[in-house]
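Peer 1: I'd like to ask some things about the structure below.
The values are calculated or read from the model by the stated rules, or taken from the named source; none is laboratory data. All values reported here derive from a predicted model rather than from experimental measurement. Ideal geometry is used to build each Cβ from the backbone, glycine not excepted, and the neighbour counts take in all protein chains shown. For the accessible areas, the whole protein counts, side chains as well, though only heavy atoms, and no ligand, DNA or RNA atoms are used. Shrake-Rupley method; radii C 1.70, N 1.55, O 1.52, S 1.80 Å.
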Amino acid sequence: MSNILIIAEHDGEALNISTAKCVSCAQAIGGDIHIAVLGDGIDSIAAEAAALDSVGKVIAVNAGHLAAPLAANWAPEVISLAADYSLILGPSTTFGRDLMPHIAALAGVNQISDIMEVNGPASFKRPIYAGNAIIDVEAAEGVKIVATARTASWKAAGASGSAEVEQRPAGSSAAGHTRYVGLETAGGERPDLQSATKVVSGGRALGSEENFAMIYSLADKLGAGVGASRAAVDAGYCPNDMQVGQTGKIISPDLYLAFGISGAIQHVTGIKDAGTIVAVNKDTEAPIFEISDIGLAGDLFSVIPELESLLG
Amino acid sequence: MKILVGIKRVVDYNVRVRVLNDGSGVDTDGVKMSVNPFDEIALEEALRIKEAGNAEEVIVVSAGGDECQQQLRTGLAMGADRAIQIQTSESLQPLSVARALLKIIEREQPGLVILGKQAIDGDNSQTGQMLAALWDRPQATFASKMVLNGDTATITREVDAGLETIEVDLPAVVTVDLRMNEPRFVKLPDIMKAKRKPLDVISLGDLGVSVDGNLKIHHFAPPPQRQKGIMVEDTAQLVQELKNRGLI
Ligand SMILES: Cc1cc2nc3c(=O)[nH]c(=O)nc-3n(C[C@H](O)[C@H](O)[C@H](O)COP(=O)(O)OP(=O)(O)OC[C@H]3O[C@@H](n4cnc5c(N)ncnc54)[C@H](O)[C@@H]3O)c2cc1C
Ligand SMILES: Nc1ncnc2c1ncn2[C@@H]1O[C@H](COP(=O)(O)O)[C@@H](O)[C@H]1O
């Protein structure tokens, strides 16, 4: 049986939904599930983690040098907790992708990135080549496993548990050579891409930042999150954190609406887990129609206003 | 200051990768191979730092079989001063690559190491973070902007929540994201010039690095295909279809 330690992702205020997704992945692996919450002033976050289903214990480490999730500070702290665990798990978000390989190297093992399915306690499926191939990866007997869970593949675990929260003093000190300066967020009230049930996305065809406002307007009407192709982000129509795809966010909403996006493999890999994909593109040959559930060959500049008026 | 740039030979990003019928791997027969796109961006950034007078030498390094010399030559043609091939016939996992890069770092003493944020074949996104851990130096992953200020660098990182800024002491490991810069095109005379630039070959064994294999890859499968859906005629039909499916 595995002893699993999940490293909680949070922003200092609340637990990120990626942690509950890691819990589902851990449930599929099977074993005792503990969560480590590191930070500074994290008692309410530790309480949130303790409420997640099937979590046995939460370890809370409060220390000034852990306030921002710098891998240089967090990885040694996780290593100081790791002895009792056979598997250390984090999310495939930028947080986990930054931190977990650092932990793996300190533990002297390769990491299993992006677990999408569990074959057994030490055997997992993961995508490579932008999702064009799925491989079975098996870890050697008795060697510690460090892994990330592909967040789009796992539903958030429920929150009806009540695990014990154990406070621990920090087992590490500040690395010093790496300093957190700040975070600039686009902000806004729209649902977060990772947890939104509906996402409206725009591509290069939008043509300008002003036109991209059409995407926001439709999204707000639907209560949806907003995504974009790399071309739209690179052209400056919208902020980088909206990019969906191989090098942006991999998402799994119930409904994904793509406007003026051609459907490059790097984009499509980010939406394969969506429930229903709707594509609007004026080119009937656009590759996005090969993978969409509902396609409409048309000009987005007339379709979006029509949609808005029909939605009332 | 010297800058070290890691370059991986990968299947070109335009190729539609296909899994072999026997599940033993992906079809790379006659397939176009290129420098990992993120590594071109890493090299471009290194060249710009040198051109701005903040570095003396840019060294490109690749771990792989002799075929990766092709990608190292591309790096030299882009403007790198010299190249190092870490020769191995095995396909390496990130920890072995990081260990090998550390050995090169010990020899070359670079002030900055720039890698791609991920190789688009394995999509691992691990090597830079592992190298920083083994080297016990700062890591700045997914960088979209880097400003050098003497002994430190201020780096903007593309994270899920937006743009994060950190400051690191040098030397450090930086892994770059797509928006860092736009790599230059290689011109024909540069390709000729690159042939005369030094390319050293050193075997993985001579570096004292053994191939690590705590993970075994057993089987390759094609991804589940999404069924092609329906086409609707107009916006009204689209709305009707979404309503029928209970989506709005
Ligand atoms: C290493 C690497 C990583 C990458 N990672 C990502 C990633 O994470 N995410 C990502 O999205 N891309 C990524 N890309 C880029 C990707 O290859 C494509 O270039 C990009 O997705 C194209 O964006 P697009 O579909 O908006 O633009 P285009 O491909 O230019 O498509 C625009 C589409 O709009 C249609 N159109 C034009 N006008 C209208 C109109 N008025 N009404 C309706 N339709 C219209 C056109 O028919 C066309 O199909 C990556 C590329 C590389 C090399
Ligand atoms: N075999 C290799 N040789 C040189 N650099 C590599 C090699 N493998 C990975 N890298 C570097 O590490 C980055 C991240 O790779 P990965 O961790 O495999 O996703 C790449 O973009 C390269 O810069």
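Peer 1: On a full-extension model of 0.36 nm per residue, what is the gain between A:Asp192 and A:Met1, subtracting their alpha-carbon distance, rounded to one decimal in nm? Could you put the intermediate results ahead of the total?
Peer 2: On the way: separation 191, 0.36 × 191 = 68.76 nm, distance 3.50 nm.
Going from the current span to full extension adds 65.3 nm.
Peer 1: Also, I was wondering about something else. Distance check, please: which entries in A:Lys21/A:Lys282; B:Lys32/B:Lys187; A:Lys272/B:Lys187; A:Lys155/B:Lys8; A:Lys282/B:Lys8 exceed 29 angstrom between their Cα atoms?
Peer 2: Values: A:Lys21/A:Lys282 37 Å; B:Lys32/B:Lys187 20 Å; A:Lys272/B:Lys187 39 Å; A:Lys155/B:Lys8 34 Å; A:Lys282/B:Lys8 38 Å.
Over 29 Å apart, Cα to Cα: A:Lys21/A:Lys282; A:Lys272/B:Lys187; A:Lys155/B:Lys8; A:Lys282/B:Lys8.
Peer 1: Now a separate question. Using the Cα centre as the reference, give the magnitude of the dipole from point charges on the C-beta atoms of chain A (Lys, Arg: +1; Asp, Glu: -1; all else neutral), rounded to the nearest 20 debye. Kindly include the intermediate steps, with their values, before the conclusion.
Peer 2: On the way: 18 positive and 35 negative charges, 93 e Å.
The dipole of chain A has a size of about 440 debye.
Peer 1: Another question, then. Averaged over its residues, how many other protein chain Cβ atoms are within 10 Å of peptide A:173-179's Cβ atoms? Before the final figure, lay out each step's value.
Peer 2: Working: counts 0, 0, 4, 2, 12, 11, 8.
Average per residue, whole number: 5.
Peer 1: For chain A, what is the convex hull volume of the alpha-carbon atoms per residue, in Å³? Before the final figure, lay out each step's value.
Peer 2: Numbers: hull volume 42.3 nm³, N = 312.
So the per-residue Cα hull volume is 136 Å³.
Peer 1: Assuming a ≥ b ≥ c are the square roots of the Cα gyration tensor eigenvalues, decide whether region B:57-212 counts as rounded (a/c under 1.5), prolate (otherwise, with a/b larger than b/c) or oblate. Spell out each step's value before the answer.
Peer 2: Numbers: a/c = 1.63, a/b = 1.23, b/c = 1.32.
Because a/c hits 1.5 or more and a/b fails to exceed b/c, region B:57-212 counts as oblate.
Peer 1: Per 10 Å bin from zero, what fraction in whole % of the C-alpha pairs of region B:37-108 is there, up to the bin with the longest pair?
Peer 2: Pair shares across the bins are 19, 50, 29, 3.
Peer 1: Let me have the relative contact order for chain A, percent, based on Cα pairs under 8 Å that are six or more residues apart.
Peer 2: On the way: 699 pairs, mean separation 45.8, N = 312.
Answer for chain A is 15 percent.
Peer 1: Largest first, what is the accessible-area ranking of A:Lys282, B:Lys8 with a 1.4 Å probe?
Peer 2: Values: A:Lys282 165, B:Lys8 80 Å².
Highest to lowest solvent-accessible surface, that is A:Lys282, B:Lys8.
Peer 1: Shifting gears a bit: Under the Karplus relation 6.51 cos²θ - 1.76 cosθ + 1.60, θ = phi - 60°, what is the ordered set of whole-Hz ³J(HN,Hα) values for region B:91-106, x standing for Gly and Pro?
Peer 2: 8, 8, 8, x, 5, 5, 4, 4, 5, 5, 4, 4, 4, 5, 4, 4
Peer 1: Given the rule -39500 (n - 2.57) for each run of at least 4 DSSP H residues, summed and divided by the residues of chain B, what is its mean residue ellipticity at 222 nm, to the nearest 500 deg cm²/dmol? Before the final figure, lay out each step's value.
Peer 2: Details: 6 runs with 66 residues, N = 248.
Helices in chain B give a 222 nm mean residue ellipticity of -8000 deg cm²/dmol.
Peer 1: What ³J(HN,Hα) values, in whole Hz, does the Karplus curve 6.51 cos²θ - 1.76 cosθ + 1.60 give for region A:71-86 when θ = phi - 60°, with x put for Gly and Pro?
Peer 2: Ordered by residue, 3J(HN,Hα) equals 4, 4, 9, 6, 4, x, 5, 5, 4, 5, 9, 7, 3, 7, 10, 8 Hz.
Peer 1: In terms of the Cα gyration tensor, with a ≥ b ≥ c the square roots of its eigenvalues, is region A:213-312 rounded because a/c is under 1.5, prolate because a/b exceeds b/c, or oblate? Mind showing how you got there, number by number?
Peer 2: On the way: a/c = 1.39, a/b = 1.18, b/c = 1.18.
Rounded, since a/c falls under 1.5.
Peer 1: Beta carbons within 10 angstrom, averaged per residue: use that to sort the peptides A:226-232, A:65-71, highest first. Don't jump to the answer; show the numbers that get you there.
Peer 2: Numbers: A:226-232: 27.0, A:65-71: 21.0.
Taking the mean over residues of other Cβ atoms within 10 Å, the ranking is A:226-232, A:65-71.
Peer 1: Which one of A:Ser54, A:Ala36, A:Ala14 is farthest out on the positive end of the charge dipole of region A:1-61, using unit charges on Cβ (Lys, Arg +1; Asp, Glu -1) and the Cα centre as origin?
Peer 2: A:Ser54
Peer 1: Still on this model: Taking each pair of different alpha-carbon atoms in region A:2-168 once, compute 1/r for the pair, average those values, and report the inverse of that mean as the Kirkwood hydrodynamic radius in Å to one decimal. Mind dumping the intermediate values first?
Peer 2: Values: mean 1/r = 0.0644 Å⁻¹.
By the Kirkwood definition, the hydrodynamic radius is 15.5 Å.
Peer 1: Only loop residues by DSSP count here, and only those with at most 12 other Cβ atoms within 10 Å; note down the GluC sites (Glu not before Pro) in region B:142-248 that meet that.
Peer 2: Qualifying residues, ordered by number: B:Glu233.
Peer 1: Okay, next question. A:Ile250's amide H: which non-local residues (gap 5+, or another chain) put their own amide H closer than 5 Å, with H modeled 1.01 Å from N in plane and none for Pro or chain starts?
Peer 2: Residues meeting the criterion, in which the H sits 1.01 Å from N, are A:Gly245.
Peer 1: Among B:Gly116, A:Leu193, B:Val147, flag the residue with its Cα farthest along the positive direction of the charge dipole of the protein assembly as shown, charges on Cβ as +1 for Lys/Arg and -1 for Asp/Glu.
Peer 2: Working it through, the farthest residue towards the positive pole turns out to be B:Gly116.
Peer 1: Let me ask something additional. Let me know the charge dipole size of region A:2-168 about its Cα centre in debye, to the nearest 20, where only the beta-carbon of Lys, Arg (+1) and Asp, Glu (-1) is charged.
Peer 2: Working: 9 positive and 18 negative charges, 80 e Å.
Here the size comes out at about 380 debye.
Peer 1: Then there is this: Could you go through region A:189-206 in sequence order and give the Karplus-derived ³J(HN,Hα) for each residue, using 6.51 cos²θ - 1.76 cosθ + 1.60 with θ = phi - 60°, rounded to whole Hz, and x for Gly and Pro?
Peer 2: 3J(HN,Hα) across region A:189-206, in whole Hz: 9, 5, x, 5, 4, 5, 10, 5, 7, 10, 9, 9, 10, x, x, 3, 4, 4.
Peer 1: Quick one: putting +1 on the C-beta of Lys and Arg, -1 on the C-beta of Asp and Glu, what dipole do you get for chain B around its Cα centre, in Debye to the nearest 20? Don't skip to the end; give the middle numbers.
Peer 2: Values: 29 positive and 35 negative charges, 88 e Å.
It comes to approximately 420 debye.
Peer 1: Roughly what % antiparallel, to the nearest 5, for the DSSP beta bridges in chain A?
Peer 2: On the way: 10 of 58 bridges.
Here the share of antiparallel DSSP bridges comes out near 15 percent.
Peer 1: Now for a different question. Per the Cauchy relation, a quarter of the hull surface: what is the mean projected area of the convex hull of the alpha carbons in the protein assembly as shown, in nm²?
Peer 2: Numbers: hull surface 100.9 nm².
Mean projected area of the Cα convex hull: 25.2 nm².
Peer 1: Okay, helix-only estimate at 222 nm for chain A: each DSSP H run of n ≥ 4 adds -39500 (n - 2.57), divide by all residues, round to 500 deg cm²/dmol; what do you get?
Peer 2: On the way: 9 runs with 85 residues, N = 312.
Only helices count here, giving -8000 deg cm²/dmol.
Peer 1: Can you find, among B:Met1, B:Ala172, B:Ile230, the residue sitting farthest towards the positive end of the charge dipole of chain B, where Lys and Arg contribute +1 and Asp and Glu -1 at Cβ?
Peer 2: Of the listed residues, the answer is B:Ile230.
Peer 1: With a 1.4 Å probe and every protein chain left in place, tell me how much accessible area A:Asp40 has, in Å² to the nearest 10.
Peer 2: 90 Å²
Peer 1: Averaging over every viewing direction, what projected area does the convex hull of the Cα atoms of region A:70-180 cover, in nm²?
Peer 2: Numbers: hull surface 35.5 nm².
Value for region A:70-180: 8.9 nm².
Peer 1: Amide H to amide H, which residues 5 or more places from A:Glu166 or on other chains are under 5 Å from it, using H placed in the peptide plane?
Peer 2: Residues meeting the criterion, in which the H sits 1.01 Å from N, are A:Val58, A:Ile59, A:Ala60.
Peer 1: Determine the shape class of region B:173-240: with a ≥ b ≥ c the square roots of the Cα gyration tensor eigenvalues, call it rounded for a/c under 1.5, and otherwise prolate if a/b is greater than b/c, oblate otherwise. Before the final figure, lay out the partial values.
Peer 2: Details: a/c = 3.31, a/b = 1.65, b/c = 2.01.
In terms of gyration-tensor shape, oblate.
Peer 1: Same structure, new question: Ranked from the most accessible area to the least, with a 1.4 Å probe and all protein chains present, what is the order of B:Arg137, A:Arg179? Display every interim value, and only then the final one.
Peer 2: On the way: B:Arg137 55, A:Arg179 75 Å².
I get A:Arg179, B:Arg137, largest accessible area first.
Peer 1: In terms of modelled amide H atoms, which long-range or inter-chain residues lie less than 5 Å from the amide H of B:Asp123?
Peer 2: A:Tyr129
Peer 1: Could you check what % of the DSSP bridge pairs in the protein assembly as shown are antiparallel, to the nearest 5?
Peer 2: Details: 40 of 118 bridges.
DSSP beta bridges in the protein assembly as shown are roughly 35 percent antiparallel.
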